[in-house]
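Student: One structure coming up, written as structure tokens, with questions to follow.
None of the figures in this text is laboratory data; all of them are computed from the coordinates on show. Just so it is clear, the structure is predicted and the values come from calculations on it, not from any experiment. Here the Cβ is made from the backbone with ideal geometry for all residues, glycine too, and neighbour counts use every protein chain on show.
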């Protein structure tokens, strides 16, 4: 019996936890982007939004051509990457300049997006930096989820109502059962009395 | 024609008996006046004025309560002197007796209303008599309905032990549409009281008057159809 | 044979109970306005149907009783009255809870609520009269039931013209898909339960009446004192 309970509760936990776990990856596309705005340039570079497009807008002709070596061959991407990382690490000035360029590019692309979207977008949204906007959407979504869960948890009160209603029916059935018993007793009593009276008469 | 004279005879007998002692009339009227007074305490605002919206309700509650009192007393009287048997032995149809008694009760209630309605108008400053014709129609129709339904049940309860308590229990649920109609009609007549430019809602009043008429017809028909089987002594 | 049929229907109602619960909780979508609380509607409206049906049964049975003087009609009327009180109470409770969820108040004086409350109180009065009405209680109760049943449409119209708050021209015709099947299955469930309870109660009334009659006859015959 205990084993059955363990299996059932494990199953229940998995059944309940599963969907909760399964939701997370799909919902949060770039939590990493909010990590630390001051030194977040590297994160922004990796962000999925539209850095590629932004960079392309800023340095269009450069991005189009593959980086070339002095001797005519192309530089492999891995080398470029490590060179870039070294530069970001060592050269603070360049990092900041790059950061500003990227921010500018992102904002520009966001502005572009906003302009392309519905005309009645709130003006606030254009001004907010993208990570702030992401934060606020994230918070809104979490609040919605919490409210939904609260509303759905309200099923307790419907369940109690249903239980009360059927309890009334059962109460009535019990009441009738008792009355039936009393009736049976009354009939038996009557039978006894009549038999007695008939016996007396004889 | 004989039927009508039988009805008239029974009604006249009731009225004559009553006018000798006037017991029912006085007690009913006093009780209705007391109810008005009690409600005036209950519904008075801080400024010492009774809310104008509740005046029709007060009036009809007073009529309803005193009506029940009169009904039970009138039929009690029959039971006490055992005159019911005499009535039933008389060579007239049960229906005539029933209608005669109903007319008697209706007269009592109307007399009470003749006292109570002006009293309401005076005590609560309600301009009830500005539209006298609809008011009289409302009172007459409601009284007819009340007395017919009340007579059926009071007659059924004649020999029951807990009749005093059971009469309201059975009568009021049936009388609810009548009381609603009476109250709403009176309220429609009183609409805009105190505001010289406001006009009473006569359309609503006449709608409720028609409703009262329908109620009366339906219940007179039901009473006539079923009371013979219901009231057997 | 009759007993067997009764138990078959009792079994059907139990199955239907579980099936409707399953449907209500898992088979119907959440209502856009009320989310979960709307599900009370699947119980509340069928109970109102049963109340009205029970009152009509009581009224018709009472009429037949006083016209034909057959005690069996009185049994049916008594049973219908009691079951009407039960289902009326259930309807008022579930309606009250739904009202709190939907309108924020436990009670409102609109046409449907006032009519149903009045109807319920009429049936409570009916039971009171049956119990305390003395020897002629059956006739008195019959009169009340007849007049009460005739009264229902009048009360409804008078209150309706007076106030309107309840969703007018009900929601029921507009139901779609799974909500509709669940709803009508719920109606079926409550109707079956009503009939089962009614039959059981009629049986009891009949026994009570027969015991009474036997006792009277024995008294008349001088057998008992």
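Student: Checking the condition over 18 Å from residue C:156 (Cβ atoms), away from chain C (no Cβ under 13 Å) and within 15 Å of the chain's Cα centre (by Cα), which residue from B:189, B:171, B:141, B:167 passes? Steps first, answer last, please.
Tutor: Details: B:189 fails: within 15 Å of the chain's Cα centre (by Cα); B:171 fails: away from chain C (no Cβ under 13 Å); B:167 fails: away from chain C (no Cβ under 13 Å).
Answer to the check: B:141.
Student: Ok, one more. Determine whether the stretch C:58-69 contains at least one residue that is free of Cβ contacts under 8 Å to residues at least 60 places away in the same chain, more than 9 Å from every other protein chain (Cβ to nearest Cβ) and assigned to a helix (DSSP H, G or I). Show your work before the answer.
Tutor: To start, the set of residues in the stretch C:58-69 that are free of Cβ contacts under 8 Å to residues at least 60 places away in the same chain comprises C:64, C:67-69.
Filter once more, keeping what is more than 9 Å from every other protein chain (Cβ to nearest Cβ): C:64, C:68.
Subset that is assigned to a helix (DSSP H, G or I): C:64, C:68.
Scanning the stretch C:58-69, I find at least one residue that is free of Cβ contacts under 8 Å to residues at least 60 places away in the same chain, more than 9 Å from every other protein chain (Cβ to nearest Cβ) and assigned to a helix (DSSP H, G or I), so the answer is yes.
Student: If you don't mind, there's one more thing I want to ask. Within the stretch C:115-163, count every residue that is within 9 Å of chain B (Cβ to nearest Cβ) and not in a helix (DSSP H, G or I).
Tutor: Looking only at that region, the number is 1.
Student: Out of C:64, C:16, C:23, report the one residue that is under 25 Å from residue B:224 (Cα atoms), surrounded by fewer than 22 Cβ atoms within 10 Å (Cβ to Cβ) and in contact with a helix residue (DSSP H, G or I) (Cβ under 6 Å, 6 or more places away or on another chain).
Tutor: C:64
Student: A follow-up question, please. Taking residue B:92 and the conditions (1) under 27 Å from residue B:55 (Cβ atoms); (2) not in a helix (DSSP H, G or I), which numbered condition does it fall short on, given that it satisfies the others?
Tutor: (1)
Student: Next question, about the same structure. Working only within the stretch B:58-90, note down all residues that are surrounded by 13 or more Cβ atoms within 10 Å (Cβ to Cβ) and more than 20 Å from residue B:150 (Cβ to Cβ). Spell out the reasoning first.
Tutor: Going through the stretch B:58-90, the residues surrounded by 13 or more Cβ atoms within 10 Å (Cβ to Cβ) turn out to be B:58-79, B:83-84, B:87-88, B:90.
If the condition is that a residue be surrounded by 13 or more Cβ atoms within 10 Å (Cβ to Cβ) and more than 20 Å from residue B:150 (Cβ to Cβ), then B:58, B:90 are the ones that fit.
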